[in-house]
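Since the structure comes first, as structure tokens, the remarks are kept for the end.
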Amino acid sequence: MASRLDNLAETLRRAGVVDTHYHVGPELIVRRYDVKSLADVAAPFGATLVLKNHTYHTTPLAALARRRFDANFFGGVVLNKFVGGLNPQAIEGAVSGNRTEVENEAPDRSPIVVWMPTVHAKSHIDVHGFGFDPSWSGCCNHGAPEEEARTKDAAQPEEPVIVFDEDLTPRPELIATLEAMARHGCVLATGHLHATEVMKLVPLALEIGIPSIILTHPHYPSIQLSDEDQKTLLRDPRVFAEHCFAIHTQDGVPLHQFADAIRVTGPEQVLLSTDFGQVVSDPFPDGTIRYAELLRDLLGGAVSDDDFIAMFSANGRRALTLEG
């Protein structure tokens with residue numbers, strides 16, 4: 001009997017790929033795409049992408065793509081120091097840019113994703129010793145000689161954005177930011193916070209009224225959220241685990257760890273995204289198709305064909321509160 005997974009490219013296209021984590025430039029890092037060139041490859045595939053940038057809001061870029069380039073893009077903001085870290089004004093700024101029709105007084109009702117700090121998370125800086133890695137392509141000395149930039153970085157270590165105190169008490173600015181997100185119906189992504197912070201953040205955010213939460217690539221070195229902890233958090237249907245291909249291709253996490261996690265949590269609240277957009281990563285949609293091919297073989301018959309495809313498509317629509 002033929003399987004839905006025999007022709008993955010066509011099956012994914014028909015299902016409507018949803019990638020909740022796709023990088024777009026310009027940024028401190030050289031990127032493969034700007035919003036127009038990304039729309040040129042994503043729109044014909046019928047894909048829905050959430051645009052991410054570590055340094056500034058992407059809601060205006062996504063709105064432009066929806067209006068001018070017939071692309072189903074959504075935006076958000078990462079609460080790094082570039083936007084002032086944790087602060088409600090960063091949320092208001094993201095909402096203000098979420099207008100497909102610039103003459104409209106009210107913003108669109110399309111989803112906005114707000115990431116907790118990434119390169120400025122304390123756990124990220126503790127583990128890696130830097131925010132942006134100077135070895136990343138095109139990063140990040142603004143024209144200064146590379147060695148000079150490395151020396152400067154070593155002499156002046158970056159100060160992180162603090163989300164929880166040492167005893168895991170939430171900072172007041174975290175509460176205020178989550179409350180602003182809840183008012184506007186934003187989706188929360190956990191960024192590069194450590195697992196202990198994620199375990200505190202998720203129930204707090206749900207209690208405040210956040211409608212949906214994405215556990216950002218839980219196997220990333222500065223996060224290390226165990227499969228059992230993922231299973232615990234996913235007991236709430238509003239929480240989703242996002243396994244990103246780049247954590248394998250760029251950061252070297254074995255792909256079987258993603259498959260093992262899916263076996264523990266089940267596939268119903270799992271998102272399979274790429275976290276691509278790097279100049280060294282596969283172009284769209286090749287990266288998504290290659291990811292699906294590799295993971296299909298690793299999972300074998302552990303999940304049904306329908307559940308497998310849903311991790312690339314329908315689950316993402318639920319996580320973004322587009323349906324269900």
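I need the calculated FRET efficiency for the pair VAL280 and HIS128, taking r as the beta carbon distance and R₀ as 22 Å, to the nearest 0.05. Step by step, r from the Cβ atoms, then E = 0.75. Placing a label point 7 Å from the Cα of GLN224 along the Cα-to-Cβ line, the residues of the stretch 172-197 whose backbone N sits under 11 Å from it are 194-196.
Estimated purely from DSSP H runs of n ≥ 4, each contributing -39500 (n - 2.57), the mean residue ellipticity at 222 nm for the chain is -11000 deg cm²/dmol once divided by its residues. For the residues GLU103, GLU179, GLU92, a GNM of the chain with alpha-carbon springs under 10 Å puts the largest fluctuation on GLU103. A crude spin-label estimate for the pair ARG67 and GLU323, with each label 7 Å from Cα along the Cβ direction, gives 2.8 nm.
Using a simple spin-label model with pseudo-atoms 7 Å out from Cα toward Cβ, GLU179 and ALA43 lie 4.1 nm apart.
Please compute the length gained on full extension between SER96 and SER304, using 0.36 nm multiplied by the number of residues separating them and subtracting their Cα-Cα distance.
Fully extending the segment from SER96 to SER304 adds 70.8 nm.
Taking every DSSP bridge with both residues inside the chain, close to 10 percent are antiparallel. Using Cβ point charges alone (K and R +1, D and E -1), the dipole size of the stretch 207-270 about the Cα centre works out to roughly 100 debye. Around the Cα centre of the chain, unit charges on the Cβ atoms of Lys, Arg, Asp and Glu (plus for the first two, minus for the last two) sum to a dipole of about 720 debye.
Using the charge dipole of the chain (Lys, Arg: +1 at Cβ; Asp, Glu: -1 at Cβ; taken about the Cα centre), state which of PRO170, VAL18, LEU234 has its Cα farthest towards the positive end. Value computed over the given set: VAL18. When TYR56, TYR220 are arranged by Cβ crowding within 10 Å, least crowded first, meaning fewest neighbours, the order is TYR56, TYR220. Using R0 = 22 Å, the C-beta based FRET efficiency linking THR196 and ARG235 works out to 0.75.
Please find, in a Gaussian network model of the chain (springs between Cα atoms separated by less than 10 Å), the residue of MET116, MET199, MET311 whose mean-square fluctuation is greatest. Most flexible of the set in this elastic network: MET199.
Every number in this text was worked out from the coordinates using simple rules, so none of it is lab data. Please read all numbers here as calculations on a predicted model, not as lab measurements. Glycine also receives a Cβ, built like all others from the backbone with ideal geometry; neighbour counts cover every protein chain displayed.
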